[in-house]
């Protein structure tokens with residue numbers, strides 16, 4: 001069955017002038033999850049092959065406040081830098097993905113368990129009876145099709161994200177690593193993502209999560 005399309009009345013576009021240059025901001029309300037998401041577009045991407053794309057899950061603590069527990073804010077900035085350097089690309093910012101889809105309140109509750117009981121990012125969610133990852137990449141696929149992207153290179157360390165986009169009919173030609181530096185505040189988080197969620201994080205050089 002064909003995936004649903006975004007209604008043209010649910011989209012608004014304008015210039016977005018940033019310190020990296022001028023992008024096109026494409027705000028849209030997804031017809032399935034009903035969240036309002038944003039695509040930040042550089043250059044002409046319509047009918048292009050292998051467009052550089054970042055599909056970024058909302059993380060208020062990391063993206064806005066620069067929290068060091070995760071690498072989300074660093075990845076967001078690195079992705080925008082990479083797209084600006086290339087001159088063509090798209091960053092899709094997906095709302096409703098906080099804490100891999102469990103929401104902000106629940107995510108902060110998992111942080112308490114991580115700090116007080118030493119649980120990792122996965123066990124702290126399941127200890128609260130919450131799922132590990134319920135993100136849906138359908139909205140990203142729908143806006144990329146609307147923008148005319150024929151195929152893409154995905155800025156990500158998560159092979160599961162490639163599968164999620166392909167499930168919605170996108171052609172992913174390859175994956176471009178988006179590696180953040182390892183430090184004492186994020187090493188446990190990154191290690192869990194590598195060892196338990198299958199993320200490709202070669203900057204973690206030893207099984208115990210230590211780095212050189």
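Only the coordinates and a few stated rules stand behind these numbers; no lab work does. Quick caveat, the model's predicted, so the values are computed rather than measured. Glycine also receives a Cβ, built like all others from the backbone with ideal geometry; neighbour counts cover every protein chain displayed.
Of the numbered criteria (1) closer than 24 Å to residue 184 by Cβ; (2) surrounded by 17 or more Cβ atoms within 10 Å (Cβ to Cβ), the one residue 117 fails is (2). From the residues in the stretch 148-169 that are surrounded by 23 or more Cβ atoms within 10 Å (Cβ to Cβ) and over 14 Å from the mean Cα position of the chain (by Cα), which one is farthest from residue 45 (Cα to Cα)? Here the residue is 152.
Specify the residue that is surrounded by the fewest Cβ atoms within 10 Å (Cβ to Cβ); the eligible residues are those in the stretch 87-103 that are touching a residue at least 24 places away in the same chain (Cβ under 8 Å) and at positive phi. So, considering only residues that are touching a residue at least 24 places away in the same chain (Cβ under 8 Å) and at positive phi, the one surrounded by the fewest Cβ atoms within 10 Å (Cβ to Cβ) is 87.
Of all the listed residues (84, 140, 125), the sole one being within 26 Å of residue 184 (Cβ to Cβ), touching a residue at least 24 places away in the same chain (Cβ under 8 Å) and in a helix (DSSP H, G or I) is 125.
Quick check on this structure: which one of 68, 52, 76 is within 19 Å of the chain's Cα centre (by Cα), under 25 Å from residue 160 (Cα atoms) and surrounded by fewer than 17 Cβ atoms within 10 Å (Cβ to Cβ)? Working first, answer last.
Numbers: 52 fails: surrounded by fewer than 17 Cβ atoms within 10 Å (Cβ to Cβ); 76 fails: surrounded by fewer than 17 Cβ atoms within 10 Å (Cβ to Cβ).
Just a single option satisfies the conditions, and that option is 68.
Flag: residue 145 matches the condition of being in a helix (DSSP H, G or I), more than 15 Å from residue 70 (Cα to Cα) and either more than 16 Å from the chain's Cα centre (by Cα) or touching a residue at least 24 places away in the same chain (Cβ under 8 Å) (or both).
In the set (1) in contact (Cβ under 8 Å) with a residue 24 or more places away in the chain; (2) under 16 Å from the mean Cα position of the chain (by Cα); (3) loosely packed, with under 15 Cβ neighbours inside 10 Å; (4) closer than 24 Å to residue 18 by Cα, residue 132 fails one condition alone, (4).
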